[in-house]
Structure formats: C-alpha cells, structure tokens
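Since every read-out is calculated from the coordinates, none of them should be taken as a lab result. This one's a predicted model, so the numbers in the text were calculated from it and none came from an experiment. So basically every Cβ, Gly included, is an ideal-geometry build from the backbone, and we count neighbours across all protein chains shown.
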Amino acid sequence: MSNQYIPQTVEILGILEESRDVKTLRLDVRNLRHEPGQFMELSVFGYGEIPVSISSSPTLEDYIDLSVKNVGSVTSVVHEAEPGDTVGVRGPYGRGFPVREVGGRDLLFIGGGIGLAPLRSFIDYIRDERDGFGDVSILYGARTADDMVFRQEFDDWRSMFDLHLIADVESEGWYGRVGFVNELLADVSPDIKNTYAVVCGPSIMMKSVVKGLKDMQFPDEQIILSFERRMKCGIGKCGHCNIGDRYVCVDGPVFSYDKVRGYREIWG
Amino acid sequence: MEAKNKKDGFEPRIVGFLCNWCSYAGADLAGTSRIEYPPNLRAVRVMCSSRVNPLFVLKAFQEGADGVFIGGCHPQDCHYMEGNYYARRRFMLLKRLIEYMGINPGRLRVEWVSASEGDRFAKIVREFTGDLKRLGPLDLRERVCDGI
Amino acid sequence: MGSDTENALKREARNLLKKGDVDLVLGYCMEGDNVIPCFISSPGEVDGLVWNNRCKNNLAVYLRELEGRVAVVAKGCDSRAIVELLKAKQVEREDLIILGVSCRGMVDKEGEEYGSCRVCLHRNPVVYDLFVGEKVSEREERDVDELESLSLRERLEFWSKQFRKCINCLACRNVCPMCFCEECVLEKKDPEWITRAGDASNLFLLHAIKATHMAGRCVECGECERACPVDIPLMHLYSRVCRDVEELFGVESGMNLEDKPPLAAFDLERDAMLEENEKNKRG
Amino acid sequence: MKKIREDDVIKLLNELRKKYEVIAPVKLDGRVYFKTLGEGDVLTLDYVNSVVSPKDFFLPQKERILEFSESGGEVTVEDELSSKKRVFFGIRPCDVNALLILDSVAREGFEDPYYLGRRDNTLLISLECVEPGDDCFCSVFNTGPSLDEGADLVFTDIGDFYLVKSLTDEGERLVSGSEFFRKATGGDEETAGKKRKECVKGMESLDLRNFSVDEEVVKEKAKRCLYCYSCTFICPTCYCFDVVDRMDLYSRNGERMRFWDSCMNPSFTEMAGNFNPRDGMVGRFMNRINHKLRYMRDRYGVYGCVGCGRCIRNCPAGISMLEILREGVRK
C-alpha cells in the first residue's frame, strides 16, 4: 500500500516572478501527465503543506509550474525559496477540466487574479493541441495591471486566441479597460450551444460571472468552475473541503455548475 | 536516589525578563563592572516588566526553564509611570497559581533592580541560581507528560 | 403546575413581551426530560418557560450574540456574569432587563447537586430589574480546599493526571460567559503558544493560562466543569484564583459595577505591604 | 457457540497481553475510558460506554504522519506505520459500527495507511449492551444494542457468564486457542436472546425512511450551540483532522503531525487570505448535522451517526441529536 501522505522531494529549477505577489515555482517533476485543472500538495518542510493548481500544460514533460500567491504563512515562505532549494510535492490530485468532453467545442475562459493559474494549464494545452478545439476566448481581470499573472504568455495567446483584459482599478501605464471581469462578457458573443465556459477566480467573481453566464442562457452543464477550498490532505480524508457531500479535493476542484448548484456555501 | 544524583552538577536554566530602562541596564552595569555572576540567566529584554505576560513565564517553564526571573524598575521609578505596579500584582497572583498547580513559587522571582544596581543584580542572580540548584530541575514537560 | 416563582416569571415575561419592552426573553424551557436554554420572542411561547433546580446554564454566555432588547432570567451566577460583561462593555445595560431569581442549587439528572453549587456563596442575584420569588440565605465562607493539603509534588501529579485526560475541546472556554475575546490565545496560530499537535505539557499550559485569564473575572458558575467531558475539576483551579484575588486585592468579581478590574488597578502602599508578605511566604 | 466465566475475562486479557497490546475499559475518576492495559490497571465491566470514543485508538487525537530531516541540502522524509498487534476488548456495538463508517472513509479512493495500519492489526471483542444508557439511541440506526458483524468476537452478558460468538476466523482462532472458553448450552443462547430483546424494547424506535433534515429545526437548535468542539471530539464517527508541521529551529529536523479538527471551529474552512466559504455559526452547525445525517448517507450509503449518545450526554447547551432525528421524522 503506497502512502499518499508522503511527499516526494523535488528541486526548484527556477522561479518566475509573475506579479508583485505571485511567483511561479518551476519544479523538477517529469512526465507527470496531469489533467489541466488538477492540483498538487506543495510542502515546505517545517512550515506546512498547501494545495496549488498546476499552472503548466501537461504537454510539457520536463517540469511543472506551480504558481503561488503570497497570502499566508506557508506561501510567504514559498516566496522566499530560491532555485536549487528542495520542496515536497504529492499529486496530481482531484479532477481536472473535462478536456475530452469539451474537445471540438468553443471555449470561453474567464479568470480572475491568481485564478488564471489552472486555466493557463488548459489554455497552453489547447495551444499545443490546437486542432482538437474550436474557437477560444479568454477574459481575464485582476485588481490592477500589475496584478495580472502570466503576462509573458499574453502575446502568444493573442496570436491564437481572442484575449480580453480588464483591471479593477486604474493604474499608471494601464490603457486597457477598467472594471470587473464579468463586464467583459458583453464583449463576446459565443455560440452558446457550442461553447463551454471555464471559470476560476475569487468566490465573489465566480458568483457574478456565473450570474452573467446564466443571463446569457448558458446551460448549467456548460459552466465549468474550479473551486478553491481549504484542502488539507488532498485525498478525501480530512473533511475540510466539502461542498455538501462532495469533497472538492477528490470530486473537484473542477465541477460543472449543475453538480454543485443546490448546495449551501458554494460562494460563501 | 536518582533525583539526588541529578542535582549534582545541575546547572539551572533561568529565563530572565529584564525591563529595558532599569534591570537590563543594571545587568549591563554588572557586566561592564566585571562583577562575576553565574551564567545561568538568559536575558530577554522587554520594554517594561508589565510587558511580561504570565503566558511568557508559563511557556518558559514548559519549554524547560527551571526558574524565571522578572526584573523591573523600583516602585515609583517606572519609565511608564505605573507599569511595574501592574506587574507586581500580576506576578503575586501568578506565584500563588503556580504554587497551587505544584510548581514551587520560588522558581518565579520578581525583583526591582535599578540601572545603578549592577552589584545587586549579580547578587540576586547568584542567590536565585543557588536556590534553584537546591530545588533541582523542574522538568515540567517530562513530569506532566509521563507523570514522573 | 409549576412553582410560584415559575408562574411569576412567566407573568413578567409575558408582560414584557406584550408591552413590547423587550424583543426576546432568554430563559429555560424543557426538551424531553432536559432543561435547556431557550429564546422566547412571542407571548404565546411564554408557557414553555420553566424555573426549577435543573436550570444550570449560565445564560449570560448568550447575551453578546443577541440583538435587540433582551430580558434575561438571572440567578446569582448569571447576574454576576452580567455585571462583569457590563464592566467589560460587552453588553449595554439599557438593552437588558434582568429578571432576578434566587437559586437553591442546581442538580444533575440523578438529582445530585453540582459541585460549584454546593460551595456557592451568592445564590441571590446581585443586580436585577425585577425580582421574582423569594431570596434565599447565603453561605458565609468558602470551604477548605482539600488540595491545599497536598505537597507540591502531589499537586503537580494531580493536575498533570487531570490535564492528560483533556481532549482540547475547549468546551470550558466556550461555555464561559467571561471568555469573550475575539481572538483567543489558546488558538492563536502565529505565534502558536499552545499547539494541538504537541504533548500534554501543552494542556498544562492551556489550563494554566486559562486560569490566569480568570483572575478578576470568574464568577464561579461552574459551567466549565459541567461542560468538561472528561471531568477535570476546573473549578478548583478557578476558585483558587478567585480566592487569591479576594485575599490579595479585596475584589470579588461580579459583585459590584464600580469595582475596577483588580489587575488593571493598584494601591501603592497596600501592594507594597502585600509584596513584602508574599515574599516572606513564597520567596 | 462458546461462553466464558465473568471472572475469567481478566485472566483471558492478561493472557492476551503476552501476545498483544490489550485495550480495555478502565475507570478513571469514576468514569470509564478505554486504555491500554498496564500493570495495576483495573478492568471494569460495568459501564454504559466510554467517555471518549474508541476512535482515539485508530485515528488518535494527534499523531505523527512523517518525519523530515535535512542534511547537506538533502531532505529525507520518512513515515512510520503501525503494525502492532492489538486486541480491543469491550467496544460497544455502536462503536464497532462507527469504525465501519471510519473504514469507508479511510478506504475510499486513496487509502489512509495510518488508520488502516491500526485497524487491520486490531482484533475487536465487542461487548453487547443488555441495558441501554439514558442517552443511547443506537436502535434508531440499527447499530446496536446487539451486533452481527464488524467485530471478531461478540460477548453477551448472561449473568455469571458471557456468551461468546465469533464472527471471523481470527476470532474463532482466539477462542479455540484459549482454555477459558467452554461450550455454551442452548439455554445460554436463549438467555442472551431474551436479554437482547429486553434491552431494545425500552429504546427509541424511529422510522428513518421518512427522515430528512429539517433545516428550520436545525437553525433553531443552532441558536443554543456554543461552538465548542466536545461533540465532535468525543464522537466515534467524526474523522476530520488538521495537519501541521513542527520543526526544531536549530537542526531543521521536524515532523508533520495530524490532529483532530472540529467543524465547529470558525477557522475550519478558512483559507489564507481570510476567505471563509462557511461564514457564520449557523452554517457550521448546519454542516455538522447535514454531514452526519445527509451527506454521509449520500456519499457512503450510511448515516454518520451511530446513536452512541455521547454528544447528547456532553452538550453543555443540551442539544440533542435524537431530538433532531425525531423532528426530521415528525415532519
């Protein structure tokens, strides 16, 4: 019986500064073959363990990226790490995006802040397997332009997909739109029948985006959400991450809206 | 018999909370005046004796201190006017509590030492160290966990 | 049915609700064979109110969470807790109507009087707006604590044995009307003074800290001891602290709205004398 | 069917101690706890149930799940799984059923090796109830007072003897390898049958086919809840835990510990950055009740409550799970 609680120790190959409070750890994990949307449990020994979405595409075989926002006691230590340091990882865990199910369809990605991390895994996957999918639009919003993550990918994405950006508040050097990401829904006119919306971001953003999508007549089954919860064990044992009788760590973090709609506390 | 043997050569660990304005300066003076006193006291500088939460004292005992020393300004000399008056009440009470819970109240010592009393500071530490040597190790963690 | 006091209580509660003087009556009701705290908001429900020797809960613990004007049934210990809550500005006097009742000591399911009630010194409410029933006579002095006769070593052994049973459920904290801190040191994460993942010395620390926090606050209602699933005799510890505060600083908590919190006050001359005395006794 | 003389039970346990770690009920300050029998411990056979549930011996209040050490930049991680052979004597049928529930959580998907290491190496000798406690309601869930599966051996009090039923091969081996067991008669079995019937007669009976959680009733009860963790910590089926790392600052060696957590704790669902999807006290209380009486059934096919009555006995606010069940059926 293998012990799922024991992390494998891996080296940090590189660290990318995504924004002022988000760093991406590039880890020496090869041929993981995860599904986009799955997560890893990342250990900083002595400080603790946190669930982090894999932000790199499974088409990359030499490493994985974990993008971490500095928000708490473990993440602040993660931000002090340097290339060459050792961390622990276990996973991949959870159910990712229904990549096969949405194959051939159009996709509307809607991300808020660090919520772009799991989406990026999927978007980059589509970039590498472009023929398998229809039209792709990406709507992304962050607090300020400086808070936007994966900016180095934007040019690449623009060349293949339809990318719309928005910042919550104005800032110097930002000439793009200001407002919340749900406002960007007005900019796109997807073929609802043939489109899946894929959403990840802060709870309040997801809630308003879902409302926007429902106003556009998106069926619940075609709204794909990636949730964040306090997942301690990642394997359905510790009881912290339930939404009703579902555990976000093993039954999610990706759910279609129809699977969770009826439960209390989905938005908090 | 074993306990007795343990006492031989036993060097008590003392955590000392010293107020910045008086006791810490007093300890400093003891040092610069080259007055000898046992090295058993580990000093923690605090801004005032009233900064010392009873929690600090209890935590020190839990983590292996055999004695805790709190040094503040003499009454009426507090840098913050009345901090040591609160400290005085607080630690009178704490001594009674630890005694009730089975820790010798002599393991907690509160003294008012001024910046000019280097010799007195040394003398108190000597005395306290001697007292603790006689009392032997506290070993609170071991005694609580294993019921020794 | 029901005693005269109970009927009087119902009458007052009904009046207050009918006149709209209060939004809620906080009292005791029956559920099966049990007496439980209840929140009554309409005159029609008042018949459910009871007053008997099973009304053990200290209702003051609920007051901070309640909105609007509340009439609360208060025996001696509840009223003392209310006094402390008022002193700490946790509740507003004008939001409260205190329905004082005198207590003859509460008993458990088997009819045995609770330990804290057996030694209670204040069975009559110390503040109230309306009093129902009759006053009872009070005991004058505290009992001798049998633990005092133990040696230091025996005491540490005794408490260690008790605390090793502790499952860290914090029921003792949550039932305590005096434990109202928004952030509790017992569960603080950074720094983590007491860790759940650690050994039993953490439990010793937990209870010692909690005892220091009871100084000048504890009203000796005994709720902590009753709530403790593993029967740790917490009231011994807290009563000892109360007794020390009384002996040293002459303050009995929950008795007088004008009393200053004893650890946020001082008396220069007296404290100097006390210090001298204590030093002679305790080094 | 076999039987064993009441006086021989302690002798049997003493004999078993040579080969196993033996956990059995003992009295401490007048109340009953399960404890690993050591020299001088006095077994008690007269009890309704233990104060703290047996889960402590399978999913302990706290346990080390791994150790890590660092030298020369290399981090080594090691675990330590229990394979100690144990006999758990005196576990009540409700608590055996609770272990079956914990099993389904531990075995679903990825297995939990710490729990299962203990579980698979522990022989259960259950003691059927012949007299229900005041707060017992196992009859509601059919998790007692008698037991037909889940333990290795089942003892039933029939006066001077205990009737012994073995439910597994391992149980059978234990019985046949010991001199203390003798053949039971048909009369013994009859006595046991009568006692079982007698016991269940006075207990609550509810038809759970009509049951659903009445959220309005639960909300009403939530008002009284003081949000301590006692109900969840003494519960035999509550399995939630938290994980924390502890490290020696000098050596940088340390351990990862897991320990009971309670859904009554406001920080139970709180994430870094202060977002808490389950804000508010009613939400927490509702989750506890729904988890036991609805989510567990939907997910694992069993109710998450076995009717041991511990939470009722201990609730400082007098909140009764049985009352919630009654109201859920009444509606």
List the cysteines in chain A whose Cβ has no other cysteine Cβ under 4.7 Å from it. A:CYS200, A:CYS241, A:CYS249
State whether the stretch D:114-223 is rounded, prolate or oblate according to the following rule on the C-alpha gyration tensor (a ≥ b ≥ c being the square roots of its eigenvalues): a/c under 1.5 gives rounded; otherwise a/b larger than b/c gives prolate, and the remaining case gives oblate. oblate
Just the Cα atoms of the stretch B:13-137, one point each, no solvent: what log10 I(q)/I(0) does Debye give at q = 0.23 Å⁻¹? -1.39
Give me the Kirkwood hydrodynamic radius of the stretch D:1-42, using the inverse of the mean 1/r over all pairs of distinct Cα atoms, in Å to one decimal. 11.3
Can you work out the base-10 log of I(q)/I(0) for the stretch A:106-226 at q = 0.12, 0.14 1/Å, using the Debye formula on its C-alpha atoms alone? -0.39, -0.53
Packing-based exposure ordering (other Cβ within 10 Å, fewest first) of C:TYR128, A:TYR196: C:TYR128, A:TYR196
Give the Debye-formula value of log10 I(q)/I(0) at each listed q (0.16, 0.19, 0.21 Å⁻¹), with one equal scatterer per alpha carbon of the stretch D:254-327, two decimals each. -0.74, -0.97, -1.09
As an exercise, take the mean of 1/r over every pair of distinct alpha carbons in the stretch A:8-93, invert it, and state the Kirkwood radius in angstroms. 12.6
Contact order normalised by length for chain C, with contacts defined as Cα pairs under 8 Å and 6 or more residues apart; what percent is it? 16
Quick query: amide H of A:VAL136 versus all other amide H atoms, modeled in the peptide plane; which residues come in under 5 Å with a sequence gap of 5 or more or a different chain? A:LEU107, A:ASP162
Cα extents of the stretch A:156-268 along the three principal axes, largest first (Å): 47, 36, 27
By how many degrees, 0 to 90 and rounded to 10, does the Cα axis of helix A:203-215 deviate from the longest principal axis of chain A? 30
Restricting to lysines and to Cα separations under 21 Å from C:LYS19, and discarding same-chain partners fewer than 8 apart, the set is C:LYS10
Rounded to 10°, Cα long-axis angle of helix C:234-249 versus longest principal axis of chain C: 80
Which distance in nm do the two modelled labels at A:ASP258 and A:ARG33 give, with both placed 7 Å along the Cα-to-Cβ direction? 3.0
So what is the relative contact order of chain D, in percent, for Cα pairs below 8 Å that sit 6 or more residues apart? 21
Any idea how far apart A:ARG151 and D:THR168 come out in nm if each label point goes 7 Å out from Cα toward Cβ? 6.1
By count of other Cβ within 10 Å, fewest leading, how are B:PHE10, D:PHE58 ordered? B:PHE10, D:PHE58
Just the Kirkwood number for the stretch D:10-73, please: inverse of mean 1/r across all distinct Cα pairs, in Å, one decimal. 14.1
Restrict the search to the stretch D:202-248; then list the GluC sites (Glu not before Pro) that DSSP places in a loop and that have at most 15 other Cβ atoms within 10 Å of their Cβ. D:GLU204
Solution diffusion estimate, µm²/s, Stokes-Einstein, the stretch D:2-202, Kirkwood Rh from C-alpha pairs, 10 °C, viscosity 1.306 mPa s: 87
Using only the Cα atoms of the stretch A:4-56, what are the Rg and Dmax in Å? 11.7, 34
With N set to the residue count of the stretch D:61-114, report its C-alpha Rg divided by 2.2 N^0.38 Å to two decimal places. 1.63
Comparing C:TRP159, C:TRP51, C:TRP193, which has the greatest mean-square fluctuation in the GNM of chain C with Cα pairs linked when under 10 Å apart? C:TRP193
What percent do you get for the relative contact order of the stretch C:1-87 when only Cα pairs under 8 Å and 6+ apart count? 31
Does the protein assembly as shown classify as rounded, prolate or oblate by the C-alpha gyration tensor (a ≥ b ≥ c root eigenvalues; a/c under 1.5 gives rounded; else a/b over b/c gives prolate, otherwise oblate)? rounded
Starting from the alpha-carbon convex hull of the stretch A:88-138, give the projected area averaged over all orientations, in nm². 4.3
Principal-axis tilt of helix A:116-128 within chain A, Cα atoms, nearest 10 degrees: 80
Flagged as over-length at 25 Å C-alpha distance, from C:LYS210/C:LYS260; C:LYS260/D:LYS221; D:LYS35/D:LYS221; C:LYS165/C:LYS210; D:LYS62/D:LYS221; D:LYS35/D:LYS194, the pairs are C:LYS260/D:LYS221; D:LYS35/D:LYS221; D:LYS62/D:LYS221; D:LYS35/D:LYS194
So for the stretch C:31-84, using the alpha carbon gyration tensor with a ≥ b ≥ c as root eigenvalues (a/c under 1.5 gives rounded; past that, a/b versus b/c decides prolate or oblate), I'd call it oblate
Partnerless cysteines (no other Cys beta carbon under 4.7 Å) identified across chain C are C:CYS55, C:CYS103, C:CYS117, C:CYS120, C:CYS166, C:CYS169, C:CYS181, C:CYS184, C:CYS218, C:CYS228, C:CYS242
For the stretch C:146-282, using Cα atoms only, the Rg and Dmax in Å read 16.1, 46
Using the Kirkwood radius over Cα pairs, work out the Stokes-Einstein diffusion coefficient for chain C at 37 °C and 0.692 mPa s, in µm²/s as a whole number. 162
Would you kindly work out the equivalent ellipsoid of the stretch C:4-132 from its C-alpha gyration tensor and give its semi-axes, the square roots of five times the eigenvalues, largest first in whole Å? 22, 18, 12
What order do you get for C:TYR238, B:TYR86, D:TYR300 when you list them from fewest to most C-beta neighbours inside 10 Å? D:TYR300, B:TYR86, C:TYR238
Counting all Cα-Cα pairs in the stretch C:59-205, those more than 24 Å apart amount in percent to 51
As computed over chain A, the Cα convex hull volume per residue (Å³): 130
What is the P(r) of the stretch D:175-331, as percent of Cα-Cα pairs per 5 Å bin from 0? 1, 7, 12, 15, 15, 11, 9, 8, 8, 6, 4, 2, 1, 0
By residue number, which cysteines of chain D lack any other Cys whose Cβ falls under 4.7 Å from their Cβ? D:CYS129, D:CYS136, D:CYS199, D:CYS225, D:CYS228, D:CYS240, D:CYS263, D:CYS305, D:CYS315
For labels at D:LYS197 and A:SER2 in the simple 7 Å Cα→Cβ model, what's the distance in nm? 5.5
Which residue, C:SER201, C:SER239, C:SER116, has the most motion in a Gaussian network model of chain C that connects Cα atoms within less than 10 Å? C:SER201
